[in-house]
Amino acid sequence: MRMVRVLGLFAVVAGLSLWGSQDAHAGIVWVNPDDYAVGSQITPPFVTLTAVLGNTTQNPPDGRVLALVDDKGHYPSTIHFFGWHVLPPVDTDQVSWRGKWANLQAVFDSPVSYVAMDFYRNDFYGGSNPDEIGFILAFDAANNLIWNEWVYLEQFEDWKTVEISLPSPQIKKVVAGGVYVKKSIDQDILIRRLGYSIEPIPEPSTLVALVGGAGALALLRRRKTRRPA
């Protein structure tokens, strides 16, 4: 009987913990390219999006961030991604982000505690080595680098959501893109959504500690790998 009561109490605590995390996550604001017409500039409130120069002066972006479709046809045209435009005389829209060409920069009107991005595969070569590598760099109001997260789309992993969660509003700017390693490997990566919250969002490790058990791990796994709406 005592064991039953303990398990029952654990279930109540777990339920409250899960409810709290879901309520907190409901407060995330998402900037979704799907909400913009193809080819239009993405200009949401509170955050300024800019295409900034990467590690080369070739094909520099004109600064605008556009809603574009995957020009390789891997994804349906109803799915829009963040993209950029090359300055004339090239005058070409670009969907993929790569450190060599351009990076996606987001500057918030005031610091936030939580940032998330959906990274999608741009190539479908398969195999055991990740050919899609990306990153998110987070900066404070003084432009100091305070956090970074690397993205590896392994083997046949098509996409993932990468999160940065801090205990207080410190993130004033993020820069994200793909990593150019060598000419023979194309590390372009697609970015679909940007999420942010001024209020702290519980980190996945915190949720596991609060809830515990195989069921919580399964729930967390679904939360981290579900396809964005």
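Numerical summary
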quantity: J(HN,Hα) series, the range 29-36, from Karplus relation 6.51 cos²θ - 1.76 cosθ + 1.60, nearest Hz, glycine and proline x; calculated: 9, 10, 9, 10, x, 4, 7, 10
quantity: Cβ-Cβ FRET estimate between Asp109 and Ala37, R0 fixed at 22 Å, reported to 0.05; calculated: 0.35
quantity: Stretch gain in nm, segment Val90-Asn148, where the contour uses 0.36 nm per residue and the Cα spacing is subtracted; calculated: 17.7 nm
quantity: Portion, in percent, of the accessible area of the range 28-133 that falls on carbon or sulfur, probe 1.4 Å; calculated: 52 percent
quantity: Cross-link partners of Lys173 among aspartates and glutamates (Cα-Cα below 19 Å; sequence separation of 8 or more within a chain); calculated: Asp109, Asp118, Asp140, Glu149, Glu163, Glu199
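The values are calculated or read from the model by the stated rules, or taken from the named source; none is laboratory data. Since we're looking at a predicted model, the values are computed, not measured. Every residue, glycine as well, gets a Cβ built from its backbone with ideal geometry; the counts of neighbours run over all protein chains shown. With ligands, DNA and RNA removed, areas are computed over all heavy atoms of the protein, side chains included. Shrake-Rupley method; radii C 1.70, N 1.55, O 1.52, S 1.80 Å.
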